[in-house]
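What follows is a single structure, written as structure tokens, with notes after it.
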Amino acid sequence: MTTQRTSGRRKKAFAAAAAVAALLTTAACGGSDDNGGGGSKTGAAGFDAANNKVAQASLAKKGGTLRFGGAQDADSWDTTRGYYGFMWNFARYYSRQLVTGKTEPGKTGAELTPDLATGLAKVSDDGKTYTYTLRDGITWEDGKPITSKDVKYGIERVWAQDVLSGGPTYLKDFLDPKGEYKGPYKDTSKDKLGLKSITTPDDKTIEFHLPKANSDFQEVLGLVSASPVRQDKDTKSKYGLKPFSSGPYKFESYSPGKSLTLVRNTEWKQSSDPIRKAYPDKITVQFFSDANQLDQRLLNGDLDLDINQTGMSPQGRTTALKEHKANLDNPVSGYIRYATFPQSVKPFDNAECRKAVILGADHVSLQTARGGPVAGGDIGTNMLPPSVPGSEGQKYDPYKISGANKNGNVEEAKAALKACGKPNGFSTTIAVRNNKPVEVATAQSLQASLKKIGINAQIDQFDGSQTTGIIGSPSNVKKKGYGIIIMGWGPDFPTVQGFGLPLWDSKYIAESGNNNFALIDDKTIDGLFDKYVTTLDESGKTQISTEINHKVMEGAYYLPFTFEKFINWRGDNLANVYTSDNYSGMYDFVNLGLKSAITPRPPRRRPLTAGEGRGGVGGAPGWTRGAPRPRGGP
Amino acid sequence: MLAYLIRRLFAAAVMLVVIVMVVFGIFFLVPKWAGVDIASSFVGKQADPAAVEAVRQKLGLSDPIYSQVWEFFKGIFAGRTYSGGGDVTHCAAPCFGYSFRSEQAVWPVLTDRFPVTLGLALGAAVLWLVFGVSAGVLSALKRGTIWDRGAMVVALAGVSLPIYFTGLLSLAIFAFGLHWLDAQYVPLDQSFGGWFGGMILPWITLAFLYAAMYARITRATMLEILGEDYIRTARAKGLKEQVVIGKHAMRSTMTPILTMLGMDLGALIGGAILTESTFNLPGLGRAVLDAIKNQDLPIILGVTLITSLAVLLANLVVDILYAVIDPRVRLT
């Protein structure tokens, strides 16, 4: 193995040469082939044409090959184990659930609709029993019918965390909070269907008996971890290499980190599936180590879209915004980027000291460090993402973060410091992942702001791949003196529970894998979550969500940076494209179509030159395109 | 000769054992000292302590480090079985570990990726040897001429420009701009033409860097040798210039070139990370880069071993070739 020979001096020489080359190329190629507003010569629909609305739906034709590219493979393609947002989105090609998000743009996409089931749940027993009836004609890829027992078995696999680790465990928490069931691989019952809280009176009926009502239970059944799995096809830890399909496509080949190809599942019947349109004949995914290559292929028309959906790189998006604006969408991602203050580290046990940081920070500078209003997002003013019911967006701004204090309010911050008993400021440490250049830039921006109010913050860049073990351990956080932690979070499912429960409920404080970094132990917040899960009407849930958000902000546990946005590429040949809140602003993959079944010759576009690369050593860890984030995760 | 070979192979084996132990130390001991739990990185965001413990057992992370090293070596010859939570995974011999990230045994990954890297390294080596050595010899013979200066300026550019610049630039011009060459890798068993076409730019890019270095080394060595007494004697004897250069000077010049070639080829076979990632070639370099990104320790360990093995073998071959090229060298 070698990284080949380069030196610092050579790199500098390269940088200079690259800049010249980039300038020359830009000058030579001249203007744009697109007009940003209403479509382009290449057939692209226009800037933001698919953001919360459907672009070119009528142009979608049956057939062709839909070509994804990605800088990161899925954590697992096993429906039980996957946690990356794009994996959940893509998994609808080969898996079905009892209920799923509507295949419609924006907020509507986050509403549930029946999939394998004939209708939404019949809820009884004060919200503790959910009953579903399965549709006729639903089949596996070998033509055998999908039964209620297959659904139960698929859900039971979530209990086998010792074998199938990695995915969300909400179902386990909701259906078996005491952890009595040991999972199907340790199940001593003959049919391995020993989980008592799910019953299957017949092959068409499935009933869920919750020990305690939870108003988001159906949302959790809409996650891909609730997909059916057939017992005789369960290859346990290797299932993700070739999942057995219940959807319109099945795995043809998969080479981890290289490529994935799906072909039509000929046993799937359109009549049994009101959700999926299954336009293309074939779906391919090509993985890249060098994200520059990926952007270049997208710009060149060799690929239709990015499977990771984490936005283009700074250089790629600069070229794209300038030259191919009609191919771009700028959705809100559903993620909030923020700093949080572990109360175990003094003086952040004092709310006034926390407020001093919030008030003293230059929020515009933080937004700029995140990429600015287009690529970074709107200034975050509170902790509930705009896609979650109960969110008030920037209207709720208790610290005037996007208003009077947007450039930092030194006077108010110093007053807060005085109230905290630290009138001359204090020293602390900002913990930030070393593999996220944007987060490091944000930390530096915050450090500069805090200096103005007398807070001397050192930056500790920790190994980003070891986040769970480093900042997920409260004792380690205390030992290292991390007073400020920089992170991001998005909803697993679009409710306050799906977003905030692991962050804000004291029951979720854990010695390992902790996500309640601020160590919030507020009985009022805990009580509101308890009330939320037993509230069945939507307006009541929305009101509680708003209240929880207010309590979190009043406690000054967080400094929100941005309601994140990103720039995503939409290929010329794509049709029926729209972003969905169900997948945090990603394009809804499952109903993407192609305008032409024959892949058109790529238009000649100005290529990204070396000088416009993403910076750093090509392909080396630390590129700007972050690894796809787990749903809800960092 | 045989005794020499046996001695060298034994030394190589000892070296590999030391490398395995050092790599194990780096990846399994250092994080432990830093308070990082490797097992927790395998269980996802909602880390269930029982799941972390199960993963730890399955991976043998709670065993002492010497036991882990021993199990690793045993697996190479006898295969290995990983079990936990009712799931049994068998890794057939030669088992160089098992990636629980991608659920693949390491050895098939290495054998799948190796031909891509080998093709890249050998193809580029042919180019850089032909062009680099020729340019170096001609520069030395035409010292001070425009040819010499021009060749050395190009060589300087080649040495100075890193792969990720020349690679991206060549892609931008020849693949995405002029559409002369395809930037898509096609496996050799699918289409020879497709494979060859897809490899042209990576070969040229990689060879450009190395050819430049070889040209400079060849020129310097050749100039030194041309001043030696035996070259003067050969010329005084009335030998033709082609014979003086081709037979006498070239032979001595090739000794350091061969040393470099052994080292470079060995290192490249372990994965040309930048070239493979720039051109998206699914070789060992990309495999190890992805593994580093995903903290996939077994793959990193496997590729490190292959790299070490390749370097050791390449050096052994070079040592043997010394005797062929330079009769003064005796292998005893």
query: In the set A:Thr284, A:Thr340, which member is within 28 Å of A:Gly247 (Cβ to Cβ), at pLDDT 95 or above and of a type outside the set (Lys, Arg)?
result: A:Thr284
message: I'm checking my understanding of the structure. Among residues of region A:521-538 that are within 25 Å of the chain's Cα centre (by Cα) and in contact (Cβ under 8 Å) with a residue 60 or more places away in the chain, which one is surrounded by the most Cβ atoms within 10 Å (Cβ to Cβ)?
response: A:Tyr532
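Mind checking which helices (runs of 4 or more DSSP H) fall wholly inside region A:424-516 and carry at least 1 residues that are within 13 Å of chain B (Cβ to nearest Cβ) and in contact with a Pro (Cβ under 7 Å, 6 or more places away or on another chain)? Reasoning before the result, please.
On the way: elements: A:437-451, A:467-470, A:474-480, A:496-504.
Passing ranges, in order: A:467-470, A:474-480, A:496-504.
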query: Under the condition of being β-branched (Val, Ile, Thr) and assigned to a loop (DSSP other than H, G, I, E, B), which residue from region A:361-393 is nearest to A:Ala416 (Cα to Cα)?
result: A:Thr381
statement: Matching residues in region B:299-322 (hydroxyl-bearing (Ser, Thr, Tyr) and either at pLDDT 85 or above or within 13 Å of B:Val17 (Cα to Cα) (or both)) number 2
task: Say whether the condition of being at pLDDT below 85 and β-branched (Val, Ile, Thr) is met by at least one residue in region B:116-129.
output: no
- line: When (1) without any contact (Cβ under 8 Å) to a residue 24 or more places away in the chain; (2) within 23 Å of A:Asn330 (Cα to Cα); (3) in contact with an Asp or Glu (Cβ under 7 Å, 6 or more places away or on another chain) are applied to A:Ser387, the one that fails is (1)
query: Just to be sure, is B:Gly75 over 28 Å from B:Gly167 (Cβ atoms), buried (at least 22 other Cβ atoms within 10 Å of the Cβ) and free of Cβ contacts under 8 Å to residues at least 60 places away in the same chain?
result: yes
- line: Within region A:286-319, the residues that are within 13 Å of chain B (Cβ to nearest Cβ) and of a type in the set (D, E, K, R) are A:Asp290, A:Asp295, A:Arg297, A:Asp302
message: Suppose we keep only residues that are surrounded by 14 or more Cβ atoms within 10 Å (Cβ to Cβ) and over 30 Å from the mean Cα position of the chain (by Cα) within region B:144-158. Which one would you say is farthest from B:Tyr210 (Cα to Cα)?
response: B:Trp147
- prompt: Only one residue in B:Gly123, B:Gly136 is in a helix (DSSP H, G or I), touching a helix residue (DSSP H, G or I) at 6+ places or on another chain (Cβ under 8 Å) and surrounded by fewer than 22 Cβ atoms within 10 Å (Cβ to Cβ). Which one?
  reply: B:Gly123
- prompt: Which ones in region B:274-290 are within 9 Å of chain A (Cβ to nearest Cβ) and within 11 Å of the chain's Cα centre (by Cα)?
  reply: B:Leu284, B:Gly285
- request: Could you grab me the full set of residues in region A:394-423 that are assigned to a helix (DSSP H, G or I) and exposed (fewer than 14 other Cβ atoms within 10 Å of the Cβ)?
  value: A:Lys395, A:Glu411, A:Lys418
query: Taking region B:154-195 as the region of interest, how many residues are of a type in the set (Phe, Trp, Tyr) and closer than 18 Å to B:Ala272 by Cβ?
result: 4
field: Top-ranked residue of region A:230-250 - restricted to ones that are within 24 Å of the chain's Cα centre (by Cα) and surrounded by fewer than 22 Cβ atoms within 10 Å (Cβ to Cβ), ranked as nearest to the other protein chains (Cβ to nearest Cβ)
entry: A:Leu241
- line: B:Ile163 vs (1) more than 20 Å from the chain's Cα centre (by Cα); (2) closer than 21 Å to B:Tyr210 by Cα: all pass except (1)
- request: Report whether or not B:Val116 is in contact with a Phe, Trp or Tyr (Cβ under 9 Å, 6 or more places away or on another chain) and more than 9 Å from chain A (Cβ to nearest Cβ).
  value: yes
query: Out of region A:557-579, which residues are in a loop (DSSP other than H, G, I, E, B) and under 30 Å from A:Ile485 (Cβ atoms)?
result: A:Tyr557, A:Phe566, A:Ile567
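Criterion first (at pLDDT 95 or above, in a loop (DSSP other than H, G, I, E, B), in contact with a helix residue (DSSP H, G or I) (Cβ under 7 Å, 6 or more places away or on another chain) and more than 25 Å from A:Asp203 (Cα to Cα)) does A:Trp77 satisfy it? Don't jump to the end; show me each part of the working.
Numbers: at pLDDT 95 or above: yes; in a loop (DSSP other than H, G, I, E, B): yes; in contact with a helix residue (DSSP H, G or I) (Cβ under 7 Å, 6 or more places away or on another chain): yes; more than 25 Å from A:Asp203 (Cα to Cα): yes.
Taking the combined requirement at face value, the residue satisfies it.
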statement: Over region A:158-178, the set of residues touching a Phe, Trp or Tyr at 6+ places or on another chain (Cβ under 9 Å) and more than 8 Å from chain B (Cβ to nearest Cβ) is A:Val158, A:Trp159, A:Leu164, A:Tyr170, A:Leu171, A:Lys172, A:Phe174, A:Leu175, A:Asp176
- prompt: Can you tell me which residue in region B:78-103 is surrounded by the most Cβ atoms within 10 Å (Cβ to Cβ), limited to those that are assigned to a strand (DSSP E or B) and out of contact with any Lys or Arg (no Cβ under 9 Å at 6 or more places or on another chain)?
  reply: B:Ser99
query: Do we have A:Tyr181 as within 14 Å of chain B (Cβ to nearest Cβ), surrounded by fewer than 23 Cβ atoms within 10 Å (Cβ to Cβ) and part of a helix (DSSP H, G or I) here?
result: no
task: Taking A:Asp162 as meeting all but one of (1) part of a loop (DSSP other than H, G, I, E, B); (2) surrounded by fewer than 17 Cβ atoms within 10 Å (Cβ to Cβ), write down the number of the exception.
output: (2)
query: Out of (1) in contact with a Pro (Cβ under 6 Å, 6 or more places away or on another chain); (2) more than 7 Å from chain A (Cβ to nearest Cβ), what's the single condition that is false for B:Lys293?
result: (2)
- prompt: Restricted to region A:427-465, and to residues that are under 19 Å from A:Ile379 (Cα atoms) and more than 23 Å from the chain's Cα centre (by Cα), which residue is surrounded by the fewest Cβ atoms within 10 Å (Cβ to Cβ)?
  reply: A:Ala448
Subset tally (residues that are more than 14 Å from chain B (Cβ to nearest Cβ) and either outside any loop (DSSP other than H, G, I, E, B) or under 30 Å from A:Leu262 (Cβ atoms) (or both)) for region A:186-223: 18
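Taking the condition in contact with a Ser or Thr (Cβ under 6 Å, 6 or more places away or on another chain) and away from chain A (no Cβ under 14 Å), does B:Pro256 pass?
Yes; evaluated as a whole, the condition is true for this residue.
The values are calculated or read from the model by the stated rules, or taken from the named source; none is laboratory data. For clarity, every value in this text was computed on a predicted model and none was experimentally measured. Here the Cβ is made from the backbone with ideal geometry for all residues, glycine too, and neighbour counts use every protein chain on show.
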